[in-house]
Every structure is written in structure tokens, then in C-alpha cells.
Amino acid sequence: MRTVSIFRCLPLCLALTALPALSEPLNLNCRIEPFVEVDISSAVEGVLSDVLVEKNSQVNAGDVIARLESGLEAATVQLRKLQAELTSDITAQQLALEFAERSLDRVTDLQKKNAASAAELDKVTTEYALARQRLEQAKDRQRQAQLEHERAEQNLARYTITSSTAGVVVERFKEPGEHIDSEPVVRVAQLDPLRVKAYAPASLYGKIVPGTRAALTPELAQRSQSVALEVDRVDRTIDGPSNTFGIELIFPNPEQSVPSGLRCTLKFSGIEAP
């Protein structure tokens, strides 16, 4: 049996121990969250008459979420609309102006023939000017009525609650018949795109910047299902207690196949783990 002296393998052993350790790419734990969550409430105080969505309902921006009781406001709109459409006052003032104009022309002709006095001419001239003024006042009142109608419609619209964003209803807080003041009726989460949040060690500050690429692997997904993303935002401050800084990435989710709330992993192949 041959034996190998330890002194013969010593150079090889030293060479192996001198090799640099292989660096590992940076991996960060992350969480997938809705891009934005909105608690939708009413601009006015009132009693809910309808809530038109349920939990998990899909809504678009501008869709009606709920309505408040608004019978008085609807009646006010009808009244203001009628007032804005009335033209009888303007018609009467127009007739009065035409009569004053004919009287002025007639007295003017008589005065040229010395058949009417200057006082009579002054009287009909003044009556004509007053008739014109009353017609303008009637037109102003109609314009004011039109603005009052528009204001009444705007006020009525405040009793209809609409979604400010496209997304999914994740929580329904109120039911028809309940009184609301400033409380939310539903919560809507925008799921396309999604927001990915992670925290990196402070030693990597400046190495991870907006535009840095990373591979995202959602929890329960296979490695082959990783998605290439770019860093969208980087915190400008370091959190002292944890000695970390936050980063955010935008994850397109057009089919909403990935739910929010999943844990995930970010792999930065161009950055070494500290």
C-alpha cells in the first residue's frame, strides 16, 4: 500500500485554499402589494339607498359604487331646470321694448315737425332706455337660473358615489339604510399593475438605483416563472433601527392572474450579496 506524504500535497492544498470564494448574487425577500388601495366614501352626509358592488367585484374608474337618498335634491334639479327654461319674462320685456321703440320713432318724427314737445321726446326716450334695461335684466335672470340648475345638478351628482380607480373591491363596509358621514363605503385595490416592495442592507445603498434589473419569483412559483423587472423607486433615507432602505418595483399584471399579498424573492444577478 502506497502512502502519500503530506508534504507532497502541501503545494496543491495551499493552492486550493488560495482560490477566491465564489460570490453569490443578491437575493432579497419581498412582498407583492396592490398598486394602490382606496377607501371610497361620500362627499356628503346621508343615508345609503343602494350599494351596487360586492366583495371581489371588478370595477372601472367612474363606475357607480353606491347611491345616497336624494329625493329632495332631485326635486330641486327639476325646479331649477323649469326656471332655466322659462322664456315668458324675456318675451314680455321684448314686446315692451318694441312698443317703446315705436313710440320713440313716432314722437321723434312729430318733434321734427314741431308737433311734439321736447318733454314728450325726453319721456319716450327714457321709457325706451328703461325697456332695454328691463330686457337685459330678464336675460340676466335666465342666465342665473341656468347656473342655479347646473349647481343643483352638481349637488345631486355628489349623492352618487363612484370609483376613482379601476380595480377589485376588497372590502365592503356599509349596507343600504346605514347613515354615513366620512366613513368609507368600500375599499378598492388596483391590481394592474402591482407594487413590489423590498428592503436592502444599507451597505448596498447607491448600488441599487432606479433602472436596476432584478428577477422576481412569486411565492409558490417555479424558478422558471421568474419575471424580469426594473427598480422603480429607491428610498432616499436609511431606516436607522433596521439599517436598511426600501425599494419598489412595478409588476405588470394585465390579466390579474397574480394575487396581491404574496411573498416573493428578488434576485439581482449583477450585485453581490454583502
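Laboratory data are not the source of any read-out in this text; all were calculated from the coordinates shown. Predicted model, so just to flag it, every value in this text is computed and none were measured. Cβ coordinates were reconstructed from backbone atoms using ideal geometry, including for glycine residues, and neighbour counts include every protein chain displayed.
Tabulated values for the structure
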| read-out | value |
| --- | --- |
| Vicinal HN-Hα couplings computed from phi for the range 53-70 (Karplus, 6.51 cos²θ - 1.76 cosθ + 1.60; Hz; Gly/Pro x) | 10, 10, 4, 6, 5, 8, 10, 10, 4, x, 5, 6, 9, 7, 9, 9, 4, 8 |
| Cα-centre dipole for the chain with unit charges at Cβ (Lys and Arg positive, Asp and Glu negative), debye to 20 | 1280 |
| Mean separation of Cα contacts under 8 Å, 6 or more apart, over the residue count of the chain: relative contact order % | 32 |
| Those aspartates and glutamates that a straight Cα-Cα span of less than 13 Å connects to LYS81, excepting residues fewer than 8 apart in one chain | GLU73, GLU148, GLU150, GLU153 |
| Choice from GLU101, GLU69, GLU33 with maximal GNM fluctuation in the chain (Cα, 10 Å cutoff) | GLU101 |
| Cβ-defined net charge surrounding SER103, 14 Å radius [Lys, Arg +1; Asp, Glu -1] | -3 |
| Centroid-to-centroid separation of the range 27-44 and the range 210-259 [C-alpha atoms, Å] | 15 |
| Residue with peak Gaussian network fluctuation, the chain [Cα springs, cutoff 10 Å], from LYS123, LYS197, LYS174 | LYS123 |
| C-alpha long axis of helix 118-157 to longest principal axis of the chain, angle in ° | 30 |
| Normalised alpha carbon radius of gyration of the range 137-232 [divisor 2.2 N^0.38 Å] | 2.00 |
| Estimated dipole of the range 71-157 in Debye, rounded to 20 [Cβ of Lys and Arg +1, of Asp and Glu -1, Cα centre] | 180 |
| Residues of type aspartates and glutamates that LYS139 reaches as a straight line, Cα spacing below 12 Å, ignoring anything fewer than 8 places off in the same chain | GLU85, ASP89 |
| Relative contact order (%) - criterion: Cα under 8 Å, at least six apart; region: the range 209-274 | 37 |
| J(HN,Hα) series, the range 29-41, from Karplus relation 6.51 cos²θ - 1.76 cosθ + 1.60, nearest Hz, glycine and proline x | 6, 8, 9, 8, 10, x, 5, 7, 10, 10, 8, 8, 10 |
| Computed Kirkwood radius, in angstrom, where 1/r is averaged over Cα pairs of the chain | 26.7 |
| Per-selection metrics, the range 71-157 (Cα): Rg and Dmax in Å | 19.8, 66 |
| Max mean-square fluctuation residue, GNM over the chain, Cα-Cα springs under 10 Å, options THR87, THR244, THR212 | THR87 |
| Pairwise centroid distance, computed over Cα atoms, of the range 151-175 with the range 69-130, Å | 46 |
| For ILE65, residues with placed amide H under 5 Å, excluding near neighbours | ILE161, THR162, SER163 |
